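Here the structure is laid out as structure tokens; the discussion comes afterwards.
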Amino acid sequence: MRRRRWRAAVAAIALVGAIAIWLLATRTFPHHSLNHDEGVYLQQAAMLLEGQLFVRPPVEEAFRPWFFVEDGGRLYPKYSPVPAAIFALGKIVGGYRLALAGIGAAVPALVALVVREVFDRRTGLVAAVAVLCSPLFLIQTAVFLPYAPTAMLNLAFAYAYLRADRTGDLRVAGAAGVAIGLAFFARPYTAVLFAAPFIAHACWTLWRDHRAALPRQAATAAFGLAGVSLALGYNAVVTGSALVFPYEAFAPLDGLGFGRRRILEHEIEYTVGLALRSNALVLRSFVTEWVVGGLLGAGLAAAGLGLTVRRNLSPRAAILAGQLLTISVGNVYFWGNFNVLGDIDRAGTGLIATHGPYYHFDLLLPVAAFAAVGALALFDGVRRRADRSLSPERARAVVVAILLVGALAVGGVTATTFDGKLERNEAVTETYERVYDPLEDGAIEEPAVVYLPTPYGDWLGHPFQALRNDPGFDGERVYALDERPFDVADAYPDRTLYRLAYRGTWAPQAGSPQGARLQRVDRVAGEAVALNATIGVPETAGGVSATVTTDEESATYVADDVSSPLATQLVVADGEVRLRGAAWNATDSIAVDERDDVTLTVFVDRGPGNSFSYRLELPVEAAENGTTRALTPRVERCTGIRDCGGEAAYLPDSAPDGTFVRTELTTPDRD
């Protein structure tokens, strides 16, 4: 009966975990989070569902997803496929986020099973609740990142290993090997740090009684090495070398070790001193903000560890104690713990502020286990003293009161901390919703191609990770970079073209951009093409000038008339562009390359602090048959020189009075 009640309690905790993660994933992270790696894993999951390890984009440089490695005409992710495969299982049964709910159920349940093997059922339940209520578990499990799935595999290994150690069951020992082998395939260094104390325990069991221990340890090792071989085999297929992991092929200096570390344009000298300092800050954040109860929970864990040692530390408990050391010290060797901090001298920056110290996710197991030991020892001590000093009725009342006060204290600290994390992530989600709003159903005539802006460089999914292509680049919506627009348009001649643009610096955590616009993109071709623009000029304007710029040269003109609206025309033909319009005294022409962005900047002078400019970028191309092609221009309204260039989209609905731009592409007569 006790076993049945215990199992029911574990099932209830698992169910609560699944529901909590589902709600967080769908309500707090409907468009994903600030960590753009989510899009990488989901893109990889879609590839696996299609049976693909590589994607082959139709236009080079226009379809490269974030953190994908270029290999000739094909691309592959820098990450292991194991987390993506777990997410793909969710899609198979109904939706990717079902996988997150499954992980949310599995992790606390496995914690209960592991801690029961080390201590007892009651401690296992308390440890599971401690993990379930930890902000790090809640946030990380609700997003498509590898840390919770890898922890799930590590916990499955821990439970199977401990059970096999207790029962001698070779099948369970083999299952332990499978789990740690997959964990190694998912995140090799994470698995090694987690498993190191188990390896030490395995060596101890072999030394103590090798005849009894050898069969089960051999089974675990054999299946574990099979997982390692699978990882090396995958390396050989995608990178060409079994010993070169995809992340290393992407950035050779983005790995373990001290000294010069680099990924893309981010580079530092990762010294031992910097490693110790950054990891101390990460661990401080872990114990103060990301475990249940903050410092109260960490204090209980410290007390529980001390009590366990005083009671004569068992070999199994020593495994959990060892993990406190291997995970904490081992992460010093990895510069990623510096990167999560953002500005190391300023608290509250970097991904640690919204996602927590995720490289230390596996510390939740030993911390929760020893916190459970400490909490139960404290509870038992209070109950014994109350039983000795008070009547049974009063003793029960006092114990319940103290239990409630303790729960409220720990719960209050946790709720306050977690609420702050939620607010930061919800602010990001609100910004994403403003940016994605123009893309809602019904706004696009499908099939379509949508050109996306590039705030972080020439990447898809960075930051727009919710806008992903099918592995075959043939979905109803295809997303492309706005870098080679004509090549993309030629690759999809029968699709409607659109362009997404936003206004404001890309800083979702600060509530920016303020809005976005989905612009229809027309294709025009002829002996000449003309951009007809009607430009609003406020009554307070003292003067207007226009600058036409190409890759070859530029010219500036002053308007004779600043009345509104101001009719302006750019005509491109025979490798030249001319500015026309009644207000412009322009008779010369400017050379245009065979493929160019002709920029028209109209500056409206309203005095210091009030002036602004319109910026229209017209993509043009000289075709081989003597015709000129053009696409609808990008349109910005800039309040400062630095605003222009991608973050100042003209939003008709929110433009100030008297400021507007209307454009039309035509093929005018040559004369």
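The values are calculated or read from the model by the stated rules, or taken from the named source; none is laboratory data. Quick caveat, the model's predicted, so the values are computed rather than measured. Note: ideal-geometry Cβ built from the backbone for every residue, glycine included; neighbour counts use all protein chains shown.
At-a-glance table
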quantity	calculated
Among residues of segment 47-86, those that are under 17 Å from the mean Cα position of the chain (by Cα) and not aliphatic (A, V, I, L, M), counted	11
Lone qualifier among LEU264, LEU295 - being surrounded by fewer than 20 Cβ atoms within 10 Å (Cβ to Cβ), of a type in the set (A, V, I, L, M) and over 25 Å from the mean Cα position of the chain (by Cα)	LEU295
Any chance ASP482 is in contact (Cβ under 8 Å) with a residue 40 or more places away in the chain and out of contact with any Pro (no Cβ under 9 Å at 6 or more places or on another chain)	no
Matching helices (runs of 4 or more DSSP H) fully within segment 89-142 where at least 1 residues are more than 21 Å from TYR159 (Cα to Cα) and at pLDDT 95 or above	96-118, 135-141
Any hit, segment 461-473, residues being part of a strand (DSSP E or B) and modelled with pLDDT of 90 or more	no
Per-region count, segment 327-360, residues over 25 Å from PRO252 (Cα atoms) and either touching a His at 6+ places or on another chain (Cβ under 7 Å) or buried (at least 17 other Cβ atoms within 10 Å of the Cβ) (or both)	4
Checking PRO438 against (1) under 20 Å from the mean Cα position of the chain (by Cα); (2) assigned to a helix (DSSP H, G or I); (3) farther than 26 Å from ALA347 by Cβ, the condition it does not meet	(1)
Test set (1) modelled with pLDDT under 95; (2) hydroxyl-bearing (Ser, Thr, Tyr); (3) farther than 27 Å from ALA507 by Cβ - SER328 fails condition number	(1)
Options GLU61, GLU70: the member that is in contact (Cβ under 8 Å) with a residue 12 or more places away in the chain and within 24 Å of THR239 (Cα to Cα)	GLU61
Selection count where residues are within 25 Å of the chain's Cα centre (by Cα) and of a type in the set (D, E, K, R), scope segment 1-42	3
Of residues in segment 313-339 being farther than 16 Å from VAL373 by Cβ and among the aliphatic types (A, V, I, L, M), the one farthest from the chain's Cα centre (by Cα)	LEU325
Any hit, segment 258-273, residues being under 14 Å from VAL332 (Cβ atoms), among the polar types (S, T, N, Q) and not in a helix (DSSP H, G or I)	yes
ALA173 part of a helix (DSSP H, G or I) and closer than 28 Å to ALA25 by Cα	no
Residues within segment 506-553 that are farther than 17 Å from LEU665 by Cα, surrounded by 19 or more Cβ atoms within 10 Å (Cβ to Cβ) and among the small types (Gly, Ala, Ser), tallied	4
Tally of residues being more than 30 Å from GLY299 (Cα to Cα) and buried (at least 17 other Cβ atoms within 10 Å of the Cβ) across segment 403-428	1
Residue match in segment 583-591 (condition: in contact with a Leu (Cβ under 6 Å, 6 or more places away or on another chain), over 16 Å from SER545 (Cβ atoms) and aliphatic (A, V, I, L, M))	no
Flag for LEU53 being touching a residue at least 40 places away in the same chain (Cβ under 8 Å), over 23 Å from VAL410 (Cα atoms) and not in a helix (DSSP H, G or I)	yes
Test result for LEU341, touching a residue at least 24 places away in the same chain (Cβ under 8 Å), outside any helix (DSSP H, G or I) and within 26 Å of LEU281 (Cβ to Cβ)	yes
Among (1) at pLDDT below 95; (2) of a type in the set (Gly, Ala, Ser); (3) out of contact with any helix residue (DSSP H, G or I) (no Cβ under 8 Å at 6 or more places or on another chain) - the single one GLY294 does not satisfy	(3)
Residue check, CYS644 crowded, with 16+ Cβ neighbours inside 10 Å, over 22 Å from ARG484 (Cβ atoms) and in contact with a Cys (Cβ under 7 Å, 6 or more places away or on another chain)	no
Breaking point among (1) in contact with a Phe, Trp or Tyr (Cβ under 9 Å, 6 or more places away or on another chain); (2) at pLDDT 95 or above, for ASP71	(2)
